[in-house]
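Nothing in this text is a laboratory measurement; each read-out follows from the coordinates by a stated rule. For clarity, every value in this text was computed on a predicted model and none was experimentally measured. Heads up, the Cβs are rebuilt from the backbone with ideal geometry, glycines too, and the neighbour counts pull from every protein chain shown.
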Amino acid sequence: MSVGWAILGTGGFPDEKVAPALNLVDGGELIAVMSRDAARAAEFGAKHGAQVGYDSIEAVLADTRVDAVYIANRNHLHAPHAILALKAGKHVFMEKPIALNFADGVEVVKASESSACKLGVGFELRQHPGRIESKELISAGALGTVALAQAQFGSGVRGNINPKPRSGHSDWWVDPDSTGGAFAMMALGIHCVDELRFMLGQEVTEIAAITDGQTSSQSLKNLATLSLRFSGGTIGTVNCGFRMPGFENSVSIYGSDGKIIFNEAYPPHTLQGSMEISSQTVNNTTSYERDGLILMQRQIEGFNQVIQHGHQPAATARDGLKAVQVIEAMIKSAATGTTVKLEPLNF
């Protein structure tokens with residue numbers, strides 16, 4: 001069975017990552033692309049081999065050749081388009097966030113869990129071989145009791161105190177109502193939190209955040225640091241932002257019997273860098289040849305298997321909702337100077 005795909009969105013990420021990766025996938029076919037601009041949809045489609053370009057979600061969902069939609073358009077469209085697609089009988093794979101706020105995210109989860117169709121969320125690092133191995137080692141007790149987990153993901157340009165605001169087709173990133181009230185955390189930090197949840201097998205229960213935003217004069221931030229408490233007792237830290245030229249992107253997990261270190265750990269859609277494991281039972285270093293598409297390719301291939309065989313996606317709608325909950329807690333903590341507790345997703 002070949003899965004017919006439609007891509008919603010024709011921006012930089014769909015152009016550079018989603019469409020090229022989809023075209024590498026066995027058992028998948030790019031049927032349609034959608035942009036508000038019909039000419040842009042046609043141009044994007046011609047470039048990437050789509051059979052048709054549409055300028056409305058209704059036209060995409062009416063195409064019987066489309067089995068699944070990949071939602072990669074502006075953040076504020078993610079939730080309504082996901083719900084429309086599920087109701088139309090289409091499988092949904094979507095970039096984070098699944099919604100701009102927790103309440104709307106709950107509606108996406110409910111729509112997903114009441115549908116015969118599947119919904120997956122784009123956290124590419126769940127496809128990373130080192131992260132998968134780390135999850136297995138931690139679960140097996142190779143690090144003992146994990147005390148501290150750290151992740152930092154950032155970039156910058158020397159001489160720039162703050163990053164140049166995004167413009168053109170990416171100008172919506174500077175609008176809090178379009179992004180979900182977060183910038184550095186939404187673009188970067190949420191990948192750090194999700195991969196720590198994934199590897200540790202623990203949930204975030206408490207957050208304290210300091211940012212250079214979340215104020216009346218600057219609602220969005222370019223730099224954020226978070227302290228996290230996890231359900232299994234691990235303490236975590238996440239640093240992310242766009243004000244750190246030459247930043248050392250890394251992940252470190254320390255247990256009573258060993259540690260795991262990822263060097264050159266990001267961007268999340270790129271396989272690169274190395275993993276160092278040092279414990280009483282495992283000691284080795286693995287280097288990864290740089291590949292900017294393989295994690296995206298594996299992510300789409302995995303979701304094709306979900307569609308064909310009915311098992312759960314690597315990241316579910318509830319994982320996406322947890323990401324929204326974490327971001328809302330980060331915003332509240334930074335704005336109020338308080339620690340915020342996160343309730344379990346018991347519904």
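Structure notes:
- Pairs of alpha carbons in the chain separated by more than 24 Å make up 56% of all such pairs.
- Region 147-240 - Kirkwood radius from inverse mean 1/r over Cα pairs (Å): 14.3 Å
- By the rule of a C-alpha distance below 19 Å, with chain neighbours fewer than 8 residues away ignored, the aspartates and glutamates paired with Lys164 are Asp175, Asp212.
- For region 77-233, the orientation-averaged shadow of the C-alpha convex hull comes to 11.8 nm² (one quarter of the hull surface).
- Think of region 3-124 as a dipole: +1 on every Lys or Arg Cβ, -1 on every Asp or Glu Cβ, centred on the Cα centre; then among His48, Trp5, Leu86, Leu86 lies furthest on the positive end.
- Extension gain (nm, one decimal) between Glu264 and Gln308, 0.36 nm per residue minus Cα-Cα: 12.4 nm
- Partners for Lys135 among aspartates and glutamates (Cα-Cα distance below 19 Å; same-chain residues under 8 apart left out): Glu124, Asp194, Glu195, Glu203, Asp257, Glu264, Glu276, Asp319
- By the Kirkwood approach, averaging reciprocal distances over each pair of separate Cα atoms, region 233-347 gets a hydrodynamic radius of 17.6 Å.
- Taking every DSSP bridge with both residues inside the chain, close to 60 percent are antiparallel.
- Size descriptor, Kirkwood hydrodynamic radius, that averages inverse alpha-carbon separations across region 3-124, Å: 14.1 Å
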